[in-house]
Amino acid sequence: MVALPTDAVRDRVRVLVSDQDARAREALKRSLEPCHWELYEVESGREALQVFRKHVVHVLVSAVELPDTTGFDLAWELRQVAGALPFILTVNDLSKEMLLRALVARAFTVLRKPIDGWMFRTTLEHLVGRYYGTGLPAVWEEGRNSWRQSAREEELL
């Protein structure tokens with residue numbers, strides 16, 4: 001069973017990012033800095049399992065293609081241990097087939113690389129609220145106004 005964030009843990013929602021691309025991991029890390037969440041970065045499925053066994057993890061963000069497995073298989077493995085662990089998949093090439101596989105695997109969503117930082121944070125905000133119902137830590141809301149949005153993001157809002 002997934003450990004739900006309590007008031008003490010809410011300030012440190014723990015996100016496990018598994019991607020063999022160091023630049024992709026760094027970009028996700030930078031996008032989460034304003035919210036002060038804890039981020040574990042790994043480049044393989046085996047490393048993700050090791051982190052998961054040592055730490056409480058609330059959300060998995062995994063590339064579909066990993067050096068030793070797939071994001072689908074990794075999510076399945078972690079769910080065998082934790083029960084209903086929410087996860088997001090990231091892909092280079094988004095296709096209908098990939099979306100259908102993600103739907104069947106019960107992924108929260110699929111994000112296409114390169115991942116926009118604002119979109120990533122918004123997606124995580126929604127995921128945490130939906131799965132844990134605890135809302136987000138105050139630091140998330142404080143940091144929101146200082147985030148710089150691209151012209152395209154401003155058009156969408």
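The values are calculated or read from the model by the stated rules, or taken from the named source; none is laboratory data. Just so it is clear, the structure is predicted and the values come from calculations on it, not from any experiment. FYI the Cβ positions are ideal-geometry reconstructions off the backbone, even for glycines, and counts take in every protein chain you see.
The set of residues in the range 54-63 being surrounded by fewer than 17 Cβ atoms within 10 Å (Cβ to Cβ) and touching a residue at least 12 places away in the same chain (Cβ under 8 Å) consists of H55, V56. All but one of (1) farther than 22 Å from L94 by Cβ; (2) of a type in the set (A, V, I, L, M, F, W, C); (3) not in a strand (DSSP E or B) hold for A24, so report the exception by its number. Looking at each condition in turn, A24 falls short on (1). Note on the range 69-109: among residues that are exposed (fewer than 13 other Cβ atoms within 10 Å of the Cβ) and of a type in the set (D, E), the one that is farthest from A24 (Cα to Cα) is E97.
In the range 69-95, the residues that are touching a residue at least 60 places away in the same chain (Cβ under 8 Å) form Cβ pairs under 8 Å with partners that are crowded, with 21+ Cβ neighbours inside 10 Å and acidic (D, E), at six or more places apart or across chains, as follows: T90/D19.
If a residue must be closer than 21 Å to P34 by Cα, of a type in the set (S, T, N, Q) and modelled with pLDDT of 90 or more, how many such residues does the range 103-138 contain? Qualifying residue count for the region: 2. In the condition set (1) in contact with a Phe, Trp or Tyr (Cβ under 9 Å, 6 or more places away or on another chain); (2) surrounded by 21 or more Cβ atoms within 10 Å (Cβ to Cβ), L66 is compliant with all but (1).
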